[in-house]
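All remarks here apply to the structure that follows.
Just so it is clear, none of the values below were taken in a lab; they were calculated from the coordinates. Note that the coordinates shown come from a computational prediction; the quantities given were computed from them, not determined experimentally. Ideal geometry is used to build each Cβ from the backbone, glycine not excepted, and the neighbour counts take in all protein chains shown.
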Amino acid sequence: MNIKAFEGLEGKKISVMLNRVKPNGEPESYIAYLNTIGDGYIVLDYSKASYDSKGNPVEQLIIDVSVILSIWVYK
């Protein structure tokens, strides 16, 4: 995916689908808030969007945009 697709989405809640597949056959995807757009990567605030932040120690995701297939932007 082109990094320009993320321009203007900082601070928004998004879902990203990656080109990797989970062991159960589903595509790997994450729902999080877009913090930063870097040079070929994005930084997502996963803890802000997590429904179970106490049971999930992951705070941020840093994802290379080359593995992202699609994004959804929430209202």
## Note on the structure
Checked region 23-46 for anything under 12 Å from I71 (Cβ atoms) and among the aromatic types (F, W, Y); matches are Y30
### Message
Between a residue in region 6-22 that is within 15 Å of V65 (Cα to Cα) and any residue that is of a type in the set (D, E, K, R), which pairs come within a Cβ distance under 7 Å, given they are 6 or more apart or on different chains?
### Response
L18/E28; R20/E28
### Task
Would you point out which residue out of Y41, Y74 is in contact (Cβ under 8 Å) with a residue 24 or more places away in the chain, surrounded by 11 or more Cβ atoms within 10 Å (Cβ to Cβ), among the aromatic types (F, W, Y) and out of contact with any His (no Cβ under 8 Å at 6 or more places or on another chain)?
Y41
